[in-house]
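The values are calculated or read from the model by the stated rules, or taken from the named source; none is laboratory data. Note that this is a predicted model, so its numbers are computed, not measured. Heads up, the Cβs are rebuilt from the backbone with ideal geometry, glycines too, and the neighbour counts pull from every protein chain shown. When the accessible area is computed, the model is the full protein with side chains, heavy atoms only, and any ligands, DNA or RNA have been set aside. Shrake-Rupley method; radii C 1.70, N 1.55, O 1.52, S 1.80 Å.
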Amino acid sequence: MRIRPRIPAAAYPRRDALRQRLRELERSNALFRMALQDAPVILFTQDRDLRYTWIYNPAGAYTPERVIGKTDADLIAPGDAVVLTEIKRRVLETGAHTREHVYLARGGDPAYYDLMIEPISDALGQIIGISAVAVDVTAQRLRDDQLQQSQAHFRRLVESSVVGILIGEQERITFANDAFLRLVGYERAEIEDGRVSWQAITPPEYAELDRRAVEQLQELGECEPFEKEYIRRDGSRVPILLGAATLSRAPFKWVAFVLDNTARKQLLDHEQAARHEVESALKMRDEFLAITAHELKAPLTVLLGLSDLLLGRARREQSLNQRDAQTVATMKHQAQRLNGLIESLLDIARIQTGRISIERQLIDLGALLDRLVAETRELVAPQHPIIFDRAPGPYMLVGDAARLEQVFHNLLGNAVKYSPVGKPITVRLTRASGQAEVAVIDEGIGIPPAAQERLFQQFYRAPNVQSVPGIGVGLFVAKQILSLHGGDISVISAEGCGSTFTVRLPLEPEP
Ligand code: ADP
């Protein structure tokens, strides 16, 4: 057997060159595959019948095996197949390459392709098929659509006549919409070529506000909307509401939204004027009340003095018969009632104008109540038994004796007024946690629950008082007097079952 001698590789230059070429081809093939591996690019060739003859990187679940030999009609949705086939046929017929954006519905999963098709010719120049590159541009297209949509929204906003919009760089306004121009009365060119700056149309007193807004813009990227004014071209001022946001920091670009604030301002001004009117009307009423009450008191005091004089003389000299003496006593009683009413009105006027004040003296509350109960007993006995139930203890406090007497006088008076004849009234004085508690308890008509909350408002009277005289001022004044003493008042009552009014007052510490 003949053994072939080993021939060195260099002896076969042609074979080596071929191997070398093959290796290069494989390498460039590998590079090509690598480059396209993750790219949304499909490469394919089709014959004259538009059957796929080669495909690289088919879309979705397609594989070369499934695709080769088939047409688009075999593979994809009929509508999409018609679109693609028509484009490809045109290339086969005209021999001209084409590049188009095609939209494929893909049965509800739409996609956009950038499709480039070249005809393939044989050695004789006959077109025998096509080669194509299809790049999936769906993501980019959707991004473009979104961008277009938001641009359209922004344009709508800019064109709307409602919001004034300014876009600017540094100190300069580079764009102003029609709504803004209408608001300030300037031409677009005047604003946009820098002849009119936003500082120039802002009254100087707003410079500080503007400075703070610019600071916020630069630091936080937006500034809180704030109210200011612009000076119109005709010199008049327009109130506005302004908000702004930063578009870019370097260079500093911003967008500002300007709203005409005239209507709101007018409303506020009207509201303020109306409030002033009401306040001055109330002030006038209080002054009128105070002056009238004061003027009424003078003749009344004379009347009371004269009736006292008359009664005293009658008693001493027996100058009046029984009936006339009784008439004068009634006159005096009515004049006293009138005096009480005028005092109440004066108190209301004092409270409204903040002119009520109390004297501060050391008072023995126990003694004060003792005397008051005794006096009331004398006046109303025997219509109402009055019990004074006093727990032991000093009841010293700092306050105004006359004013506190007024409070308890009113409470006792009410207990008498709103109780049927014969029903007892109890005044209970106790001491707890450094406070005196005075409960005035009656067994009278009581107070309906809904009325209890409103009892301490001025001029309020419960619906069940019927013909009992009164003007609904006593409890209101009592509450104010007690609060000036650092105390308070509350009520517990049931309609038809009597009421308990409880006063609490801070006491001086025990010695
Ligand atoms: P006036 O007694 O002059 O109406 P007040 O301010 O003293 O005014 O009392 C306000 C209202 O509270 C009374 O109109 C009455 O409806 C109710 N009220 C006060 N005290 C009593 C009471 N002891 N029993 C029942 N109702 C009372």
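Can you tell me the orientation of helix 322-352 relative to the chain, as the angle in degrees between its alpha-carbon axis and the longest Cα principal axis, to the nearest 10? Here the helix axis deviates by roughly 30 degrees. Estimated at the nearest 10 Å², the accessible area of Lys297 is 40 Å² with a 1.4 Å probe. Put the Cα centre of region 367-409 next to the Cα centre of region 219-275 and the gap is 65 Å. Rounded to the nearest 10 degrees, the angle from helix 78-94 to the longest Cα principal axis of the chain is 40 degrees.
Relative intensity of region 197-328 on a log10 scale, I(q)/I(0) at q = 0.10 Å⁻¹, equals -0.59, per a Debye sum over C-alpha point scatterers of equal strength in the absence of solvent.
Dividing the mean sequence gap of close Cα pairs (under 8 Å, 6+ apart) by how many residues region 402-511 holds gives a relative contact order of 31 percent. Counting only residues at least eight positions apart within a chain, or on another chain, the lysines with an alpha carbon under 21 Å from that of Lys479 are Lys417. The accessible area of Arg350, taken with all protein chains in place and a 1.4 Å probe, comes to roughly 70 Å². Karplus-derived 3J(HN,Hα) values for region 49-57, using 6.51 cos²θ - 1.76 cosθ + 1.60 with θ = phi - 60°, are 8, 6, 8, 5, 10, 7, 8, 10, 6 Hz; glycine and proline are entered as x. Around the Cα centre of region 441-511, unit charges on the Cβ atoms of Lys, Arg, Asp and Glu (plus for the first two, minus for the last two) sum to a dipole of about 300 debye. Think of the chain as having a plus end and a minus end, set by charges on the Cβ of Lys, Arg, Asp and Glu; of Pro506, Ala245, Ile87, Ile87 sits farthest toward the positive end of this dipole. Helical content alone sets the calculated 222 nm signal of the chain at -15000 deg cm²/dmol, taking -39,500 (n - 2.57) per DSSP H segment of four or more residues and averaging over every residue. In the assembled protein chains, Lys417 presents an accessible area of approximately 80 Å² (probe radius 1.4 Å). Restricting the calculation to Cα atoms, the chain yields a radius of gyration followed by a Dmax of 50.9, 184 Å. Compared with the dominant Cα axis of the chain, that is its longest principal axis, helix 138-159 is turned about 40°. Across region 247-399, the volume of the C-alpha convex hull divided among the residues equals 311 Å³ per residue. When the charge dipole of region 60-184 is built from unit charges on Cβ atoms (+1 for Lys and Arg, -1 for Asp and Glu) and taken about the Cα centre, the candidate among Asn177, Pro110, Val133 whose Cα reaches farthest toward its positive end is Asn177. Ranking of Leu259, Leu397 by solvent-accessible surface, largest first: Leu259, Leu397 (1.4 Å probe, protein heavy atoms only, all chains present). Normalised by 2.2 N^0.38 Å, where N is the number of residues, the alpha-carbon radius of gyration of region 335-397 equals 1.51.
Short-range pairs are left out: with C-alpha atoms under 8 Å and at least six residues apart, the relative contact order of the chain is 7 percent. Solvent-accessible area per residue in the chain equals 62 Å², computed with a 1.4 angstrom probe and all protein chains kept. With all protein chains in place and a 1.4 Å probe, the accessible surface of the chain carries 56 percent carbon and sulfur.
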